[in-house]
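The values are calculated or read from the model by the stated rules, or taken from the named source; none is laboratory data. Values in this document were obtained by computation on a predicted structure and should not be read as measured data. Every residue, glycine among them, receives a Cβ derived from its backbone with ideal geometry; neighbour counts consider all protein chains shown.
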Amino acid sequence: MKMIIFFIMLAAWLSHDSLNLYKFTADFAMPFQKYCENLSPHLLTHKDVHRTLLCGSPLFSGQLSHNLRQHALIHLFIVSGGHFLFLEKFFVKVGLPQVLRIPCLIFYNFFTGFQPPGTRSLSQMILTRCAKKSSLHLRDDQLQLLCGFLLLSIFPQYCRSASFLLSWNAALALNICSVAFFRFTGFKKIFYSQILISVILLPWLWTFGNGHPLGILSNIIFGPFIVFVLFPLSALVILFPFLTSLFDQLTWLFEWSLQHTAVIFPQSISQGTQLEFFWIYLFIQHLLLHWYQVSYWQEAH
């Protein structure tokens, strides 16, 4: 509990000069991100894809960016909370001591430019660990809410960040799936969770990509390939340059697949929905999830 109070006090103290702090973190992270970009092997053909996946750099390939939006996959391709969740699970698998996991993720957050989605995901991980050590019994959705408000008090600029809000909503969607399908296991749970997540994020996909229902199928087919193949391989080519050819071939195959399946999607048209709508949409989800969990707990007891 003391750690939670400390974070709240720290946020209150930092918020008095939030503009300079926001600029400072962005400027401080810039050399780290440039260093990450320079790590791309010279023989790599798809350098822009590699730097986008690993370093959070802008995607300069206009055709690939268009196809990703057509397939409602753009939210998986950029550096987001999913990257940090994958890295955390990877660190557990390889036996990295717990005391080193968060520092490694902090370094990676700077290497990706200290962007709002990664910062939100990392902050939630830290807050979750502090809550467990403090024996503070908060549900995951409550921790997400607390984390969001703490970051907004430190960086009020995040309230105008679509990527921050999308990351928050995606994390909440994962939480909703864990509650809705807690009795399911294996592939069945993954399959239904992917469908529900895509449905929850449909307003986002409709605004910033393609809200066509086929986007749900596209996420089921291509989503795991991005998260579990292309992203890990983008890191491995730095350690093992002989994998460069494999990364290029798989990236080409991915781009070719998107290009030849894009014709079944209607042309995406950005609807220009205001962010205020998504803030309301997010908090409605929080309220409904809270109501459901409280009602379920009362029925169980």
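Report whether or not residue 164 is surrounded by 14 or more Cβ atoms within 10 Å (Cβ to Cβ) and closer than 25 Å to residue 88 by Cα.
Here the answer is yes, as residue 164 does meet what is asked.
Here is a yes/no grid of residues against (1) of a type in the set (Phe, Trp, Tyr); (2) touching a residue at least 24 places away in the same chain (Cβ under 8 Å); (3) over 17 Å from residue 233 (Cβ atoms):
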| site | (1), (2), (3) |
| --- | --- |
| 60 | yes, no, yes |
| 81 | no, yes, yes |
| 87 | no, no, no |
| 91 | yes, no, yes |
| 94 | no, no, no |
| 102 | no, yes, yes |
| 105 | no, no, yes |
| 131 | no, yes, yes |
| 138 | no, no, yes |
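Would you be able to say whether some residue in the stretch 134-148 is at pLDDT below 90, surrounded by fewer than 21 Cβ atoms within 10 Å (Cβ to Cβ) and either assigned to a helix (DSSP H, G or I) or in contact with a Cys (Cβ under 7 Å, 6 or more places away or on another chain) (or both)?
So far as the stretch 134-148 goes, no, none of its residues is at pLDDT below 90, surrounded by fewer than 21 Cβ atoms within 10 Å (Cβ to Cβ) and either assigned to a helix (DSSP H, G or I) or in contact with a Cys (Cβ under 7 Å, 6 or more places away or on another chain) (or both).
Search the stretch 27-56 for residues that are touching a residue at least 24 places away in the same chain (Cβ under 8 Å) and on the phi > 0 side of the Ramachandran plot and pair each with any residue that is in a helix (DSSP H, G or I) and not β-branched (Val, Ile, Thr) when their beta-carbon atoms are under 8 Å apart and the residues are at least 6 apart or on different chains.
Matching pairs, first to second residue: 56/33; 56/118.
For residue 183, indicate whether it is basic (Lys, Arg) and touching a helix residue (DSSP H, G or I) at 6+ places or on another chain (Cβ under 6 Å).
Working: basic (Lys, Arg): yes; touching a helix residue (DSSP H, G or I) at 6+ places or on another chain (Cβ under 6 Å): no.
Spelling it out, it is not the case that residue 183 is basic (Lys, Arg) and touching a helix residue (DSSP H, G or I) at 6+ places or on another chain (Cβ under 6 Å).
Does any residue of the stretch 208-219 turn out to be of a type outside the set (Phe, Trp, Tyr), within 28 Å of residue 281 (Cβ to Cβ), surrounded by 15 or more Cβ atoms within 10 Å (Cβ to Cβ) and without any contact (Cβ under 8 Å) to a residue 12 or more places away in the chain?
yes
Is one or more of the residues making up the stretch 212-232 over 20 Å from residue 67 (Cα atoms), among the β-branched types (Val, Ile, Thr) and either at pLDDT below 90 or more than 22 Å from the chain's Cα centre (by Cα) (or both)?
no
Name every residue in the stretch 117-129 that is of a type outside the set (A, V, I, L, M), within 27 Å of residue 23 (Cβ to Cβ) and surrounded by fewer than 21 Cβ atoms within 10 Å (Cβ to Cβ), in order of residue number.
123
Answer yes if at least one residue in the stretch 80-101 is buried (at least 23 other Cβ atoms within 10 Å of the Cβ), in contact with a Pro (Cβ under 7 Å, 6 or more places away or on another chain) and within 27 Å of residue 252 (Cβ to Cβ), and no otherwise.
Yes; the residues of the stretch 80-101 include at least one that is buried (at least 23 other Cβ atoms within 10 Å of the Cβ), in contact with a Pro (Cβ under 7 Å, 6 or more places away or on another chain) and within 27 Å of residue 252 (Cβ to Cβ).
Could you list, in sequence order, the residues of the stretch 30-85 that are hydrophobic (A, V, I, L, M, F, W, C) and part of a loop (DSSP other than H, G, I, E, B)?
Those that are hydrophobic (A, V, I, L, M, F, W, C) and part of a loop (DSSP other than H, G, I, E, B): 39, 43, 44, 59, 60, 72, 73, 78, 79.
Check 65, 80 and return the single one that is among the small types (Gly, Ala, Ser) and in contact with a helix residue (DSSP H, G or I) (Cβ under 6 Å, 6 or more places away or on another chain).
80
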